[in-house]
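Bear in mind that the values in this text are calculations on the coordinates, not laboratory data. Keep in mind it's a predicted model, so treat the numbers as computed, not measured. Here Cβ is always computed from backbone atoms with ideal geometry, including for glycine, and neighbour counts include all displayed protein chains.
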Amino acid sequence: MINTYGCSLVDDGDPGIGTGRPMTERIMPDRPETLGDALKAMRQEANVDLDVIVDETKVSRGVFEALECGRYQILPQKVFCKNFLRQYLNIIGVDERPWLDSFERAWDHFEESSGSFRTLTVEAPPPLGFNWRLWLPVLAGVLVILGLLLVVVLSAQSDEILPPDPRRSSAERLNPIRTMSTPTPLALQATPEPDQEQPLEQTVTAIVRVRENGECWIHYRDREGRTGQELLFGGTTRELQLVGPALLTLGNADAASVTVAGREYSDLGQAGQVAHFELGFASLTRLEPGSDGN
């Protein structure tokens, strides 16, 4: 029998009146809400509890609830959601191919309606120039050693024979006995090189807070290329330690606030909006649509 879920038709498995329609002839949903209703109906028909899916996949319950409710604005990136949906369909025993195609169309519709960005492009940081702070102590040590060597060479060349003592007799002066003294070079001690100063990494500390009864997912990437993402629920506080400057993306930006250098930033976007920011050492800068991430 064909049941209606939103704007879609899903076969519940009963023939009803006439002949049942095969899977390939179903009208597949292409909106987040209608696709979620159809997924929930199939799970209930398969008599599979949502907790069973959570236990087998080790994925947060909130992710599957968001898929069934069509709340894509709080979900992580598309590639992760598609993998979660594939596991969901395999557990309830449904052919995954037509439903993954339907999910692709539903996600495209979500991005078009919410104005979110498909990808976040981050350019590699420019190469560092000559590090004077590292090499200046080394050059100073080399100059000191060369100066000591020059002093030793000059002292050896300037060592001359003293004139005869006038108090000596004439006979002694006629046949002076002179010996050439061999100059003793100064013993050079190795000059310890000063410790090479290592450039200190500038760390950016940002605190993300999610208001009660709200949900928000975050994605971040710092200057060293370290990335991560999380789904935060209402009342959650998350502290980020990143090598700045760093890039931060908020999904459902209206539900979150960010504190940088003791200053709290709120009103970061509208409900369901995906917003992008640059985390400075003492500031939070919003990246407008069309920005290249610099």
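Just a few scattered comments:
- FRET efficiency estimate (nearest 0.05) - Cβ-Cβ, Val52 to Thr227, R0 25 angstrom: 0.20
- In the range 207-294, trypsin sites (Lys or Arg not before Pro) in a DSSP loop with at most 13 other beta-carbon atoms within 10 Å: Arg226
- Residues within the reach of a label modelled at Cys69 (point 7 angstrom out along Cα to beta-carbon, backbone nitrogen below 13 Å), restricted to the range 222-238, are 233-234.
- Sorted fewest first by neighbouring Cβ atoms within 10 angstrom, Leu146, Leu134, Leu279 come out as Leu146, Leu134, Leu279.
- P(r) tail, the range 203-287: Cα-Cα pairs separated by more than 18 Å, 32% of all pairs.
- Listing Asp51, Asp254, Asp108 from fewest to most neighbouring C-beta atoms within 10 Å gives Asp51, Asp108, Asp254.
- Sorted ascending by nearby beta carbons within 10 Å, beginning with the fewest, Tyr220, Tyr265 become Tyr265, Tyr220.
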